[in-house]
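Report on one structure; see the data block that follows.
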Amino acid sequence: MADKIDFASVSYVLGILSIVLSFVTSWGLGGLITGIIGLIQANKYNVPKAKKLNTIGIIISSIFLIVSIILMIYSINTSGSFPI
């Protein structure tokens, strides 16, 4: 068992996970949260590749979040209720 956790690898994995979760979760919130946590870790341990992955995950998740909110508002305005 390892005594020390390699946080550089953790931030890299969180970057990959943020991209995957942005497509999987509704509204992209899972990708946004893991992307922010991974970006903080990548900045703390200076891992450029992980910074790039986390930034991409945050951007994709933010786009999905904005599109989901716009579609929800449009759906409420046109039909009077939000279809779930």
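The values are calculated or read from the model by the stated rules, or taken from the named source; none is laboratory data. Everything quoted here is computed from the prediction, not taken from an experiment. Neighbour counts are summed over all protein chains in view; Cβ atoms, including those assigned to glycine, are modelled from backbone coordinates with ideal geometry.
One residue is enough: does region 70-79 have a residue meeting the conditions among the β-branched types (Val, Ile, Thr) and either touching a Lys or Arg at 6+ places or on another chain (Cβ under 6 Å) or at pLDDT 90 or above (or both)?
To start, the set of residues in region 70-79 that are among the β-branched types (Val, Ile, Thr) comprises 70, 73, 76, 78.
From what is left, the residues that are either touching a Lys or Arg at 6+ places or on another chain (Cβ under 6 Å) or at pLDDT 90 or above (or both) are 70.
Yes, because at least one residue in region 70-79 is among the β-branched types (Val, Ile, Thr) and either touching a Lys or Arg at 6+ places or on another chain (Cβ under 6 Å) or at pLDDT 90 or above (or both).
Can you confirm whether GLY31 is under 17 Å from SER9 (Cα atoms), of a type in the set (Gly, Ala, Ser), modelled with pLDDT of 90 or more and part of a helix (DSSP H, G or I)? Spell out the reasoning first.
Values: under 17 Å from SER9 (Cα atoms): no; of a type in the set (Gly, Ala, Ser): yes; modelled with pLDDT of 90 or more: yes; part of a helix (DSSP H, G or I): yes.
When the stated conditions are applied, GLY31 does not pass them.
Answer yes or no: is there a residue in region 37-51 that is assigned to a helix (DSSP H, G or I), in contact with a Pro (Cβ under 9 Å, 6 or more places away or on another chain) and not basic (Lys, Arg). Within region 37-51, one or more residues are assigned to a helix (DSSP H, G or I), in contact with a Pro (Cβ under 9 Å, 6 or more places away or on another chain) and not basic (Lys, Arg). Cβ-Cβ contacts under 9 Å between residues 6 or more apart (or on different chains), taken from a first residue in region 31-49 that is charged (D, E, K, R) to a second residue that is in a helix (DSSP H, G or I), are listed as LYS44/PHE7; LYS44/SER11; LYS49/TYR12; LYS49/GLY15; LYS49/ALA42.
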